[in-house]
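Remarks on the structure that follows.
None of the figures in this text is laboratory data; all of them are computed from the coordinates on show. In this text, all values refer to a predicted model and were calculated from it rather than measured experimentally. Because the Cβ atoms are built from the backbone with ideal geometry, glycine has one as well, and the counts that use them run over all protein chains shown.
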Amino acid sequence: MIINVIIRMRRLLAITLMLYVILPGFGQTRNYRAKKIFFRGTEMIYLENYRQAIRDFSEAIKLDSGFLEAYENRGVAKYYINDFRGSIDDYNKAIEINPFAYETYGRRGWAKFSLREYESALSDFTKALYGVADEAKYYLIRGQTKHQLRDFKGALADFETVIKSMYSTKIQKSKAYYWMGIIKIDVGQKEAACLDLQEARKLGLEEAEIVIRANCNVVSVNN
């Protein structure tokens, strides 16, 4: 029972990155009708009507085959209906249009992670880190990817980077401590793991409490 709960928490915490819906930049498309349909598709994503959003973005792309943001957001919509392969295809096209769209590498990495294509996802997360503003979110998911590949040392290094960064948010640091605790449990370092999990809990990550109760001295957590 406890093991099943921990597994569910692991899966929940793996999904730490919201796939941002983006709006078209000035000059991205000069086709007024394509842009109008794009905005309608974006609204459909906010309304969680993902299939209609896909139809709208597809229509916008027919009107302008170089409409990068339409490919991006169609990839987002496909991700949300678990069409990860279709999502990757759209991100591939977006990267073909703009090879320096670093967030796109990250989004493509998430789709690959969902398909358990961890080696390829790792490469995308590393590319994303070359140019994104919020590095912590990609260090977090790259660390989880390394964990899946059993590169525990590399995973711990990524989580430590999040913890040490002055730009990481409180929730990002709590998740980094959580995953460090999970890894240390996996390698048999339970005492050190419990210290990390307690830090995660102190920072407000309630999910850490479930793992603490399953693996640690609960009395020490309350001290």
Taking Cα atoms only, helix 68-80 is inclined relative to the longest principal axis of the chain by an angle, in degrees rounded to 10, of 50
Honestly the range 135-223 on the Cα gyration tensor test (a ≥ b ≥ c root eigenvalues; a/c under 1.5 rounded, otherwise a/b vs b/c for prolate or oblate) is just oblate
Net charge (Lys, Arg +1; Asp, Glu -1) of residues whose beta-carbon lies under 13 Å from that of Leu195, Leu195 excluded, is +1
Most exposed first, judged by fewest Cβ atoms within 10 angstrom, Met44, Met166 run Met166, Met44
Listed with the fewest Cβ neighbours within 10 Å leading, Leu203, Leu68 appear as Leu203, Leu68
Quick calc, the range 135-223, dipole around Cα centre from Cβ unit charges on Lys, Arg (+) and Asp, Glu (-), nearest 20 debye, gives 120
Rounded to the nearest 500, the 222 nm mean residue ellipticity computed for the chain from DSSP H runs (n ≥ 4, each -39500 (n - 2.57)) alone is -23000 deg cm²/dmol
Taking Cα atoms only, helix 50-63 is inclined relative to the longest principal axis of the chain by an angle, in degrees rounded to 10, of 40
Links exceeding 24 Å between C-alpha atoms in this model, out of Lys36/Lys127; Lys78/Lys164; Lys35/Lys127; Lys36/Lys78; Lys35/Lys93; Lys62/Lys127, come to Lys36/Lys127; Lys78/Lys164; Lys35/Lys127; Lys62/Lys127
With Cα coordinates, the longest principal axis of the chain makes an angle with the long axis of helix 190-202, in degrees rounded to 10, of 60
Once the in-chain neighbours fewer than 8 apart are removed, the lysines whose Cα is under 16 Å from Lys170 read Lys137, Lys202
Note on the range 62-182: the mean projected area of its alpha-carbon convex hull, in nm², is 7.6
